[in-house]
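This is the structure I want to talk about, given as structure tokens.
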Amino acid sequence: MADPRALDPTVVRAARLAATGLHDPRLSDVPAVVGDLLAVQGQELQPALWGLSRRVAPASRPGRAAVNEALAAGEVLRTHALRPTWHLVRPQDARWLLELTAPRVARLMASTEKAWKLGDLGPGTDAVATAVADGPRTRAQIRQELVDRGVLDPDAPGIAFTQMLMHAELQRLVISGPPPDATPLQHQSYAAFDDRVPAGYGPLGERFDAEAAVLELWRRYLPGRAFATLNDLRLWSDVTVRDLRPALAALVDAGEAVEVAGAGDLDGLTLVATAGTAARWLDGDDVHDGGEREGRPEALLLQAYDELLMSYRETRHVVLDPTLPPQERAGAYVHSVAVDGVVSGRWRWPAPPARTAAVDVQWLRDPSQAERAALDAAVADLDAYLD
């Protein structure tokens, strides 16, 4: 007999849409959204900020200028954490997340540095910290100072300077600063880490403890993701299974987390959720499939690295249509259109100054008239945000 508590992909997809804030968003502003998700992949900065704004309650939803102001003010910071890529985090979470994940990120970066024969980047990393000691500097200003100091060859490949900056971030010497006045929507400056990040380790207190940090990672990841596997968190955070497994066991033993068997395409997998999330979704009262609960489809313009996609590497397939062949992201069409939580097309971010007219979509299947209308509504939301 099938486990009556088993979860099929439809339930998991609906739970994730709610947990990640894409359905019925209730948070008051973008910093609150970032804190709720703990970290948000953000190398495509402006699309990432749009994705965050979409998770704010409609009555409070900000436009692009307000979101960028929160970034400039340091209410949200951008740095390399978790994996060798940009993430958006709250100031109070930056220090402990970097302490936990930076060593692993640095080891992954080492292969790139070896391939490029970059040698010792330590002097350049220290010079980056010196460059921002008196205030924020743009990327170009920092590079020129490193060249003037003789720690960066003016003919060195760009990757050398990039790696120096990343090491300075990982060592908690620098972090994102306010954008240059001339380009308020291009976040390309760096500031001294301690000028933007409060002392201490946020929820961990004054001292860093690795075991406590992994427990906090689970406690912060699960509420904003609903049901996920251990490997989902491993691939999202790059923290090892050896460290994640005992922390999960402790949460399960304490009744904070619940393990549930997967069904259907999730058969054979064990999914984890907070006790509250499990209680909400296992009784079936909240089960719905996207906008169809209201009798009409819902279209979402997801940024390329939206957490609905990036948080679940092992179980990402629950938001993919199994009837469609795998699609490679080509050219500028790197972002995803999701209809009722299922990826159904690709789109490209509008190039300024164009907005609505430049939102080009490549459907992966023939959409219905209702789905096209839902997409038009999503594009109108984006137009209002950009304007």
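The values are calculated or read from the model by the stated rules, or taken from the named source; none is laboratory data. Just so it is clear, the structure is predicted and the values come from calculations on it, not from any experiment. Please note: Cβ atoms are built from the backbone with ideal geometry, for glycine as well, and neighbour counts cover all protein chains shown.
Determine which single condition Val151 fails, assuming it passes every other condition in (1) β-branched (Val, Ile, Thr); (2) in a loop (DSSP other than H, G, I, E, B); (3) out of contact with any helix residue (DSSP H, G or I) (no Cβ under 8 Å at 6 or more places or on another chain).
Condition (3) is where Val151 drops out.
Among the residues of segment 106-118, are any in contact with a Leu (Cβ under 6 Å, 6 or more places away or on another chain), touching a residue at least 60 places away in the same chain (Cβ under 8 Å) and either in a loop (DSSP other than H, G, I, E, B) or within 30 Å of Leu215 (Cα to Cα) (or both)?
Residues of segment 106-118 that are in contact with a Leu (Cβ under 6 Å, 6 or more places away or on another chain), as a first pass: 106.
Pick out the ones that are also touching a residue at least 60 places away in the same chain (Cβ under 8 Å) and you get 106.
So of that shortlist, the ones also either in a loop (DSSP other than H, G, I, E, B) or within 30 Å of Leu215 (Cα to Cα) (or both) come out as 106.
Scanning segment 106-118, I find at least one residue that is in contact with a Leu (Cβ under 6 Å, 6 or more places away or on another chain), touching a residue at least 60 places away in the same chain (Cβ under 8 Å) and either in a loop (DSSP other than H, G, I, E, B) or within 30 Å of Leu215 (Cα to Cα) (or both), so the answer is yes.
If you don't mind, there's one more thing I want to ask. Which numbered condition in (1) in contact (Cβ under 8 Å) with a residue 60 or more places away in the chain; (2) part of a loop (DSSP other than H, G, I, E, B); (3) among the hydrophobic types (A, V, I, L, M, F, W, C) is the only one that Ala133 fails?
It fails just one condition, (1).
Still on this model: Anything in segment 226-240 that is assigned to a helix (DSSP H, G or I) and in contact with an Asp or Glu (Cβ under 7 Å, 6 or more places away or on another chain)? List them, or say none.
Across segment 226-240, the qualifying residues are Asn231, Asp232, Leu235.
Do we find a residue being outside the structural domain of Leu217 (by TED's automatic domain parsing), closer than 19 Å to Glu69 by Cα and crowded, with 16+ Cβ neighbours inside 10 Å anywhere in segment 157-167?
The answer is no, given that none of the residues of segment 157-167 is outside the structural domain of Leu217 (by TED's automatic domain parsing), closer than 19 Å to Glu69 by Cα and crowded, with 16+ Cβ neighbours inside 10 Å.
Please enumerate the residues belonging to segment 103-131 that are of a type in the set (Lys, Arg) and either surrounded by 15 or more Cβ atoms within 10 Å (Cβ to Cβ) or assigned by TED's automatic domain parsing to the domain that holds Thr240 (or both).
Across segment 103-131, the qualifying residue is only Arg104.
Quick check on my filter: what residues within segment 15-39 are in contact (Cβ under 8 Å) with a residue 60 or more places away in the chain, within 18 Å of Arg219 (Cα to Cα) and either in contact with a Ser or Thr (Cβ under 6 Å, 6 or more places away or on another chain) or assigned to a loop (DSSP other than H, G, I, E, B) (or both)?
So the first thing to find is which residues in segment 15-39 are in contact (Cβ under 8 Å) with a residue 60 or more places away in the chain, and the list is 15-23, 36-38.
Filter again for within 18 Å of Arg219 (Cα to Cα), leaving 15-16, 18-21, 36-38.
Listed by number, the residues that qualify are Thr20, Gly21, Leu38.
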